[in-house]
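Peer 1: Input: one structure, supplied below.
The values are calculated or read from the model by the stated rules, or taken from the named source; none is laboratory data. What you see is a predicted model, and the numbers here were worked out from it, not measured in a lab. Here the Cβ is made from the backbone with ideal geometry for all residues, glycine too, and neighbour counts use every protein chain on show.
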């Protein structure tokens, strides 16, 4: 069974697959965005997308864990954003840009480094089987130990998280998105955002607490 | 089993509380449960310590120099040669400055004053272009301050200047250099004033100094290790008055 098939049934987020496919259709129309785009599209892009380039790169870097890959993903995502720019409402452009970056990054990983995504497969089963309390019950570190952690072990602990926990934690604690925006970007209900965030935080705290004790 | 589910729910609520996601009624409920359950109170402390840690220590992934140019080239975007819109120009200069400084300095390195100034102007312009110049809309400082509490290590000083005709409009998080900083937005007539608090530990207090960039008046002063930047298209006199009021009004409880 291929990983792609398994993800369709049991993947991280159905919404990601759906919009990923939708974007690929946009891609496949072959319309030459560069030639036909009026000045307005460029100005729109400058206003809606360019201000979020740093956030876009940061998210891509966390998902791909690689600098060059992250740059490729941002470029690819920018192209997709540009092709859709005429049809997008002004609203929350940051969440929109991050959604595209996230989907592009996972598409990229599935194509180039499927091993990075295998762990995702059983995540939902794990999520329903075990409550947050299971993560919290043992080894909850003292606050003082958390405060002592250094940058390198913090970064490593976040990088170790399952992708779904990691992206939720990054979007909230690093990029400062609200729960509703995270739900929009990752395509899962707010309740799932909340439990992933709590578990991701608990796991990182546990890891850094163990290291600095 | 039932108890575990309830406890899990209570834990998630503590996270939501720290994140500033709860409405006042639910926030009060969580405060009550933390007061009666030491485990929940400890969880709150851990989450807050963790968030401070992430804000202060986690290296920011500043985007590499040249990425913006690469993206612009990819979509066939030309820089305007004739009659550039000054806004786009100012924004692009400021963004470039931020990208450039981000490439050489990490989170803790203090930014040069000019780089901060450009960041402040950029953030203000961007906020005026957005549909909402703020992330949290409230005239009540008791709403705005807790909103910051969940998002950055230290919430800014928030004072009520409504009676003095500078009503609080809300707040937002700006990114200056590579650090998230709190910005309060006050109104005055038809003008908006962005007041950004940038950590400046170790700097001596200084009185407001004014400057002007791209048609905006800017005031900067330092108090208790924080550099305050006020920017607005309101007149210099009105901005002076605002700074005076902000500095002398106590943030009463």
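Peer 1: Surrounded by 15 or more Cβ atoms within 10 Å (Cβ to Cβ), away from chain B (no Cβ under 13 Å) and modelled with pLDDT of 85 or more: is that true of residue A:107 in this structure? Walk me through how you get there before you give the answer.
Peer 2: Numbers: surrounded by 15 or more Cβ atoms within 10 Å (Cβ to Cβ): yes; away from chain B (no Cβ under 13 Å): yes; modelled with pLDDT of 85 or more: yes.
Yes; evaluated as a whole, the condition is true for this residue.
Peer 1: Can you say whether residue A:180 is at pLDDT 90 or above, closer than 24 Å to residue A:54 by Cβ and facing chain B (nearest Cβ under 10 Å), as far as the supplied structure shows? It would help to see each step written out before you state the result.
Peer 2: Numbers: at pLDDT 90 or above: yes; closer than 24 Å to residue A:54 by Cβ: yes; facing chain B (nearest Cβ under 10 Å): yes.
Answer is yes for this residue.
Peer 1: Out of everything in region B:30-39 that is assigned to a helix (DSSP H, G or I) and away from chain A (no Cβ under 11 Å), what residue ends up being farthest from residue B:154 (Cα to Cα)? Steps first, please.
Peer 2: From region B:30-39, those assigned to a helix (DSSP H, G or I) are B:30-36, B:38-39; that's our starting set.
Pick out the ones that are also away from chain A (no Cβ under 11 Å) and you get B:30-36, B:38.
On the way: B:30: 21, B:31: 20, B:32: 23, B:33: 24, B:34: 21, B:35: 22, B:36: 26, B:38: 24 Å.
The residue in question is B:36.
Peer 1: Given (1) at the interface with chain B (Cβ under 9 Å from one of its Cβ atoms); (2) over 15 Å from the mean Cα position of the chain (by Cα); (3) over 29 Å from residue B:23 (Cβ atoms), identify the lone condition not met by residue A:156.
Peer 2: For residue A:156, the exception is condition (1).
Peer 1: Enumerate the pairs (first residue in region B:15-29 and in a loop (DSSP other than H, G, I, E, B); second residue anywhere and modelled with pLDDT under 90) with beta-carbon separation below 7 Å, excluding pairs fewer than 6 apart on the same chain, so at least 6 apart or on different chains.
Peer 2: B:19/B:150; B:20/B:146; B:20/B:147; B:20/B:149; B:20/B:150; B:20/B:151
Peer 1: Something else about it: Within the group B:88, B:74, B:97, B:115, which residue is at the interface with chain A (Cβ under 8 Å from one of its Cβ atoms), closer than 22 Å to residue B:212 by Cα and at pLDDT below 90? So that I can check it myself, show each step before the final result.
Peer 2: Numbers: B:74 fails: closer than 22 Å to residue B:212 by Cα; B:97 fails: at the interface with chain A (Cβ under 8 Å from one of its Cβ atoms); B:115 fails: at the interface with chain A (Cβ under 8 Å from one of its Cβ atoms).
None of the others qualify; the one that does is B:88.
Peer 1: Continuing with this model, one more query. Please go through (1) within 14 Å of chain B (Cβ to nearest Cβ); (2) modelled with pLDDT of 85 or more; (3) out of contact with any strand residue (DSSP E or B) (no Cβ under 8 Å at 6 or more places or on another chain) for residue A:54 and return the number of the only condition it doesn't satisfy.
Peer 2: Here residue A:54 meets the rest and fails (3).
Peer 1: Given the options A:171, A:177, name the one that is closer than 19 Å to residue B:14 by Cα, in contact (Cβ under 8 Å) with a residue 40 or more places away in the chain and not in a helix (DSSP H, G or I).
Peer 2: Numbers: A:171 fails: not in a helix (DSSP H, G or I).
Result of the check over A:171, A:177: A:177.
Peer 1: Please specify each residue of region B:175-198 satisfying the condition of being modelled with pLDDT under 85 and in contact with a strand residue (DSSP E or B) (Cβ under 8 Å, 6 or more places away or on another chain). Don't jump to the end; show me each part of the working.
Peer 2: First pass over region B:175-198, keeping only residues modelled with pLDDT under 85: B:175-180.
Matches in region B:175-198: B:175, B:176, B:179, B:180.
Peer 1: Something else about it: Within region B:213-253, track down each residue that is modelled with pLDDT under 85 and in a strand (DSSP E or B). Walk me through it before giving the result.
Peer 2: Narrowing region B:213-253 to residues modelled with pLDDT under 85: B:213-215, B:250-253.
Answer for region B:213-253, where residues must be modelled with pLDDT under 85 and in a strand (DSSP E or B): just B:213.
Peer 1: Residues in region A:58-91 that are more than 14 Å from residue A:46 (Cα to Cα), at the interface with another protein chain (Cβ under 9 Å from one of its Cβ atoms) and assigned to a loop (DSSP other than H, G, I, E, B): how many?
Peer 2: 1
Peer 1: Go through (1) surrounded by fewer than 17 Cβ atoms within 10 Å (Cβ to Cβ); (2) within 19 Å of residue B:140 (Cβ to Cβ) one by one and return the number of the condition residue B:244 breaks.
Peer 2: (2)
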